[in-house]
1. For segment 227-323, please list each of the helices (runs of 4 or more DSSP H) lying entirely inside it that holds at least 1 residues being among the aromatic types (F, W, Y) and touching a residue at least 24 places away in the same chain (Cβ under 8 Å).
2. Any idea which of T32, T93 is β-branched (V, I, T) and under 22 Å from H252 (Cα atoms)?
3. Assess whether N216 counts as being at pLDDT 95 or above, open to solvent by less than 30 Å² (accessible area, probe 1.4 Å) and of a type in the set (S, T, N, Q).
4. If the requirement is being open to solvent by 10 Å² or more (accessible area, probe 1.4 Å) and in contact with a Gly (Cβ under 9 Å, 6 or more places away or on another chain), which of these qualifies: G261, G315, G281?
5. Looking at segment 182-189, can you tell me whether even one residue there is in a strand (DSSP E or B), closer than 30 Å to G304 by Cβ, small (G, A, S) and touching a strand residue (DSSP E or B) at 6+ places or on another chain (Cβ under 7 Å)?
6. Can you name the residue in segment 297-312 that is modelled with pLDDT of 95 or more and over 20 Å from V268 (Cβ atoms) and, of all such residues, is surrounded by the fewest Cβ atoms within 10 Å (Cβ to Cβ)?
7. Is it the case that some residue within segment 249-264 is farther than 19 Å from T123 by Cα, more than 19 Å from the chain's Cα centre (by Cα) and within 13 Å of the ligand (Cβ to nearest atom)?
Amino acid sequence: MAVMRSVIRGVGAYLPRRILTNAELAQMVDTTDEWIVERSGISERHIAADGEKTSDLGIHAAHQALVRAGIDPIEIDLVICATATPDRTFPATAVRIQKELGISKGAAFDVQAVCSGFVYALTTADALLRTGQFKRAIVVGAETFSRILDWSDRTTCVLFGDGAGAVVLEAQPQTGGRNDRGILNTIIRSDGRYEDLLYVDGGPGSTKTVGHLRMNGREVFRHAVQKISGVIEETLIATGYAADEIDLFVPHQANKRILDGIAKKLNVSPDKIVVTLNKHGNTSAASIPLALNHAFENHKLGEGKLVLMEAMGGGFTWGAVLARW
Ligand code: UT7
């Protein structure tokens, strides 16, 4: 039976030019390169320049994704930006991306689910495309976490970075069979009981400030392996695939030890897991499309590849998307 699927037509990414190394951080707070690498796997991160906004990063990534898709921006009728660091409290960062791409039709809005933002945004775009409300979407994950870090807190400032990634989706009829291309399954979850384990201590409706990121890393870590493994297992059950049929795991990039823990729990070969966090740390909603872009540029993402994306972050929020490239 023919079904509509959201087929991924192109991917792009952008990292700000400035690289901040672990050695530089060791001059700023009481830490060492050894500690950061051993506990997180991160060696360096990129930092947006003064005046360089989240939307600026997102626009670069979106342009690249559109060029690779061979799609003119005016053919896009849906722009979704996943971000927890918007340019302004409002309007949405997505409308500036829309404007800069020269699009003035359809809809543009932000999705806020912190590190799970890209999974939430893909899920939203997929639902809107499959119901026929829109034809082509650009989904951007873009963050400037450097703006909300407490640069005197060594437990958090060493972990995050800035960046953006984007994918272009197009609604296409598929057969409904096992070889369908496009997004095959999405799962999003949240549990607000954990809101105080990873949060920003400010906001327009409470303190009237932007605030700084606060995290109980140990507790977040404990939940991450469990929740992410759970949602991967749910995806496999829902779609009938075995873990070894997945060609590529594209996880949110928070901590190498979390990725190793999931690989061990699910018995996944490490060479099937895309790891980029060593080069840009945790970029929140941008990390999955940055990792997709890395896989694409390294020829790991050809047509027909079965790709499982997953994330977990503040809220808690978590989720997974299974797609055939
Ligand atoms: O994307 C959203 C999801 N976020 C995450 O998934 C992050 C999850 N959490 C983590 O990745 C890890 O918990 C961290 C990397 C944040 C921390 O690793 P850990 O192995 O859980 O370390 P810890 O928090 O238990 O701290 C161990 C020690 C502490 O010292 P004491 O109390 O044992 O004396 C910390 O004060 O390491 C100390 N420490 C540091 N030492 C050097 C904490 N940060 C640093 C640092 N440099 N930057």
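The values are calculated or read from the model by the stated rules, or taken from the named source; none is laboratory data. Small disclaimer: the values here were computed from a predicted structure and weren't measured. Neighbour counts run over all protein chains shown; Cβ positions are idealised from the backbone, glycine included. With ligands, DNA and RNA removed, areas are computed over all heavy atoms of the protein, side chains included. Shrake-Rupley method; radii C 1.70, N 1.55, O 1.52, S 1.80 Å.
1. Per the criteria, 287-297.
2. Details: T32 fails: under 22 Å from H252 (Cα atoms).
One residue alone meets the criteria, T93.
3. On the way: at pLDDT 95 or above: yes; open to solvent by less than 30 Å² (accessible area, probe 1.4 Å): no; of a type in the set (S, T, N, Q): yes.
Criteria not met by N216.
4. When all the criteria are applied, what remains is G315.
5. So far as segment 182-189 goes, yes, one or more of its residues are in a strand (DSSP E or B), closer than 30 Å to G304 by Cβ, small (G, A, S) and touching a strand residue (DSSP E or B) at 6+ places or on another chain (Cβ under 7 Å).
6. Across segment 297-312, the extreme among qualifying residues is H299.
7. yes
Here's the yes/no breakdown for (1) surrounded by 12 or more Cβ atoms within 10 Å (Cβ to Cβ); (2) within 14 Å of the ligand (Cβ to nearest atom):
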position: D201; (1), (2): yes, no
position: S206; (1), (2): no, no
position: Q226; (1), (2): yes, yes
position: I237; (1), (2): no, no
position: A242; (1), (2): no, no
position: D247; (1), (2): yes, no
